[in-house]
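Read the structure below first, then the notes.
Read-outs: derived from the displayed coordinates by stated rules, not from any lab. Computed from a predicted structure; not experimentally measured. For neighbour counting, all protein chains shown are included, and Cβ atoms are generated from backbone atoms with ideal geometry for every residue, glycine included.
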Amino acid sequence: MKDLLKALPWIGPAVALIAAVVLFPVGLMFWNSTRDISQSGVDDGGVGLANFATVIGFQYFWPILGRTVVWVVVVVGCTLIGSLALAALLNKAFPGRRLVRMAVIVPWASSVVMTTLVVHYGLEPYFGIINSFLVDVGLISTPEGYGWTRHPGTAFAWAMAVAVFVSLPFTTYTVLAGLQTVPGETVEAARIDGASGVRTYFSVVLPQLRGAISVAVLINIINVFNSLPILRVMTGSIPGYDADTVMTMIFKYMQNQRQIDLASALSVIAFLVVIAIVAVYVRVVRPLEEV
Amino acid sequence: MTAITDPGTTSRSATRPPSDNRRRVRKYTTDQVPLGSLLLRLLAGLVVLVVFLLPYLIMFFGSVKTKAEIRSVDPTYFPTEWHWDNYVTMWSTPETPLAQNLISTLVISLCATLLVLAVALPAAYYTARFRFQGRLFFLFLVIVTQMVQPAVLTSGLFRQFIAIGILDTWVAMILVNAAFNLSFAVWIMHSFFAGIPKEVDEAAQLDGAGTFAVLTKINLPLVWPGIVTAVVFTFVASWNEFAASLVLLTTAGNQPLSVALTKFVGQYETSWHYVFGVSVVAIVPVVILFMIIEKRLVGGLVAGSVK
């Protein structure tokens, strides 16, 4: 106990900050999810689990949840496959490699909102540059292009593409770090035994990347599940709920409908889902063990 | 979860701070590579380069076009005239007070970074150096924070900040950015401190230096790269933060650029050239910061990424 008191000046401020800005809001959110809060913010008393019933009873709830699963699985899956290929290339020697590595960092450092805005502009009919390119190369026959961002399905698909694009840098660098721990002798030994390059990669290199991959996937799942800006920019102006995920729905409850109690209930659900995914993942894959 | 039961060794092996030269053991040479596969790699590298820079090139070229050109039904890939004056006129566009948004972004990011440094540095040092009751609990708390993001907590934060009267203030976002980047900063600096042999400290203590002097005079110069990494990550994450700012900052002038720029979307006639001009101004500095710590970006392995 005495040594804890001695430690307090050093760790106390950090504990206070976490308690006040992370733990307390979690508690408050759980509390608010059981209250009836008016649009002007007045607490009109407890309602038990009624807010959860309303949120889950909403006719688009299950489609939104299903879309969230698609969003996470597709984005994280494509990111992982893309990163493995990208890291394999960036781990090999070629002139200008450093320049390419630097270019890969750019979407990581850049604001996701700004990256998405460029794509959104590019997809505009008539003057969007991506549409114009697709018309120029003959993939679209209508001269004004296609209204990608006007339809929930195509807007959502493009949002997934942007999400993969901005997730690639971090994942690639993590895999690259993993590749650097693969001893060169193991690769050479496989080569001497007559294994092809592809065979060597899949049976010698890939198994040794397990630690790096599992950590990268875990962090990507958390980030992609919690991602708001891409869908907000890409699909935010589409009426209805056909391109929403749990996260965008929370913000619709909060901002468009000003129903903080329902927003809290859905946030609690999202929070528990993240915790559950992380818990299951950590138990099954044990990502932190081998790093 | 070994990372929690023995954070010192785990994080050290993950980020491997002091042994950068070890990473360089495998020399990359193009000597023994056949010309054919070298050309193939070069080609693939070129494709990657173009793909990753393309959105930002479109941004840059768009930022110097006129409004008429960027909204023309016959779009041009490259600007016909280079209108550098967009970078001056964009600040007075009516959609949002961009100059104030830039100041907000700067103040919030700088203050959040300073706060993180002030709070995380002592905690990282102490937990790496001393065993005490509650140490593992503290490190567990730090890891758990890493799993939570502000987006999922905004409804709680919103009500909390109304109650204490700091909704729609810079202070609110400084606290949020600091709190949610704290775990990464503690973790990365912890791993650097843990990489310094304890004997170094003990030698200094024998010479009569106190705990504080050991930290500032002996350890700080050695963990400097870890501090720079933590600072850059925190600054860039705060600079780009979107979800919490969207809800917690309600006055246009208080909002950071990330939130302000979304207001252009859905306008009757979006001034895309201004959107891109502001984006270029906002992106260039943070990309440079990231490039400076390029070698240490993998430090984010355990502690997460910016996005």
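Observations, loosely collected:
- Three-way shape call for region B:182-307 based on the alpha-carbon gyration tensor, with the a/c threshold at 1.5: prolate
- FRET efficiency for the B:GLN205 to A:PHE24 pair, using the beta carbon distance and R₀ = 41 Å, is estimated at 0.60.
- Computed lengthening from B:VAL88 to B:THR251, 0.36 nm per intervening residue step minus Cα-Cα distance: 56.3 nm
- Sequence-separation-based contact order of chain B, relative, with Cα cut under 8 Å and 6+ spacing, percent: 32 percent
- Chain A: relative contact order in percent, alpha carbon pairs under 8 Å with at least 6 residues between: 27 percent
- For chain B, modelled as a GNM whose springs connect Cα atoms under 10 angstrom apart, the maximal fluctuation among B:ASN240, B:ASN181, B:ASN86 occurs at B:ASN86.
- Other residues whose C-beta falls under 14 angstrom from the C-beta of A:PHE251 contribute a net charge of +2, scoring Lys and Arg +1 and Asp and Glu -1.
- A simple rule links phi to the HN-Hα coupling: the Karplus curve 6.51 cos²θ - 1.76 cosθ + 1.60 with θ = phi - 60°, which for region B:138-147 gives 4, 5, 5, 4, 5, 5, 5, 4, 4, 7 Hz, with x for Gly and Pro.
- Using the Cβ-Cβ distance between A:ARG191 and B:LEU222 with R0 = 41 Å, the FRET efficiency computed as 1/(1 + (r/R0)^6) comes to roughly 0.55.
- Between region B:180-232 and region A:203-262, the Cα center-to-center distance that results, in Å: 36 Å
- Residue with peak Gaussian network fluctuation, chain A [Cα springs, cutoff 10 Å], from A:VAL224, A:VAL166, A:VAL26: A:VAL26
- Rounded to the nearest Hz, the phi-derived 3J(HN,Hα) couplings of region B:123-134 under the Karplus curve 6.51 cos²θ - 1.76 cosθ + 1.60 (θ = phi - 60°) are 5, 5, 4, 5, 6, 7, 9, 10, 8, 8, 4, x, where x marks glycine and proline.
- Simple spin-label estimate for A:ILE56 and A:ARG210 gives 3.7 nm between the two label positions (7 Å along the Cα-to-Cβ direction from each Cα).
- Relative contact order (percent, whole number), region B:200-307, Cα cutoff 8 Å, 6+ residue spacing: 26 percent
- Two-site FRET efficiency, A:TYR126 against B:MET291, from Cβ-Cβ distance with R₀ of 30 Å, rounded to 0.05: 0.25
- Proximal lysines relative to A:LYS252, as straight alpha-carbon distance under 30 Å, when same-chain residues fewer than 8 apart are discounted: B:LYS263, B:LYS307
- Residues B:TRP272, A:TRP71 arranged by fewest to most Cβ contacts within 10 Å: A:TRP71, B:TRP272
- With the simple spin-label model, which puts each label point 7 Å out from Cα in the Cβ direction, the A:ALA161 to B:SER37 separation comes to 3.3 nm.
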